[in-house]
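For reference, the structure discussed in these notes is given below.
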Amino acid sequence: QQQVKQSPQSLIVQKGGISIINCAYENTAFDYFPWYQQFPGKGPALLIAIRPDVSEKKEGRFTISFNKSAKQFSLHIMDSQPGDSATYFCAASKNSGYALNFGKGTSLLVTP
Amino acid sequence: GAVVSQHPSWVICKSGTSVKIECRSLDFQATTMFWYRQFPKQSLMLMATSNEGSKATYEQGVEKDKFLINHASLTLSTLTVTSAHPEDSSFYICSAHHGQGADTQYFGPGTRLTVL
């Protein structure tokens, strides 16, 4: 059973645009929500993570928005670049030390 | 940032043979390591959780006698795929967490296993 639902499955954005990926979860015990970027044939790399005590976290061009009451969180990539083209996974766990429950992933293509 | 390595990065083996994959935390001690499997264009699925010095905890549907996990030290965990079959062909990825309030799991680069 997929504990974290991610959408869209794929996304095409023009260079300079904003990429938005959404995730939703059901388990209220989750309190750690990271986003990972994965290039083909590589392991996932942590982009940014958030805990429920804040509603937004920004690191460079990447922002997580978190809505605890709706049990939703999203990744915004500002000024998207062709180099951002990759698969993005949201995840959730009870704690950063617990196994991650991954969304199904979003394949992002940023066109020049 | 912390670095996790995996070896080998890719391996091809014959059906019926066993393959060992190593996961090492290079610059930190990992109290917990996780093993995931990823099929093409799919998400990561947790196979097992490994704590140093104790038996691994396997997820439902993962055969513990087929996927042997050993976490012998705080920097090394191994996954052995025994009597591999073509359906075991996949991308195997480990992650490591060093506890003590640390906030991040670090992933290895993955191992591509192809069973002929």
- Over the Cα atoms of the protein assembly as shown, what is the Rg over Rh ratio if Rh follows Kirkwood? 0.97
- Query: By residue number, which cysteines of the protein assembly as shown lack any other Cys whose Cβ falls under 4.7 Å from their Cβ?
  - Reply: B:C13
- As straight-line cross-link partners of B:K14, the qualifying lysines (C-alpha separation under 30 Å, not fewer than 8 residues apart within one chain) are A:K42, B:K41, B:K55, B:K64, B:K66
- Note, segment A:8-19: 3J(HN,Hα) by Karplus (6.51, -1.76, 1.60, θ = phi - 60°), whole Hz, Gly/Pro = x, goes x, 6, 9, 8, 10, 10, 7, 3, x, x, 9, 9
- What is the packing order of peptides A:9-20, A:39-50, taking the mean over residues of other C-beta atoms within 10 Å and listing the highest first? A:39-50, A:9-20
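For peptide A:42-55, how many partner chain Cβ atoms fall within 10 Å of a residue's Cβ, on average?
Per residue, the average neighbour count from other chains is 3.
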- Two decimals is fine: what is log10 I(q)/I(0) at q = 0.20, 0.22 Å⁻¹ for segment B:20-71, from a Debye sum with one equal scatterer on every Cα and no solvent? -0.76, -0.89
- Message: Whole angstrom only: what separates the Cα centroid of segment A:1-17 from the Cα centroid of segment B:30-72?
- Response: 27
- Message: Taking each residue in B:35-43, count the Cβ atoms of any other chain within 10 Å of its Cβ, then average. What number comes out?
- Response: 4
- Query: Could you give P(r) for chain B, binned at 10 Å from zero, as whole percent values over all Cα-Cα pairs?
  - Reply: 15, 49, 30, 5, 0
- Cα to Cα, under 18 Å, and not fewer than 8 places away if on the same chain: which aspartates and glutamates meet these conditions relative to A:K71? A:E26, A:D31, A:D53, A:E56
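Readers should treat all values here as calculations from the given coordinates under stated rules, not as data from a laboratory. Not measured: the values here are computed from a predicted model. Note that each Cβ is placed from the backbone with ideal geometry, even for glycine, and that neighbours are counted across all protein chains shown.
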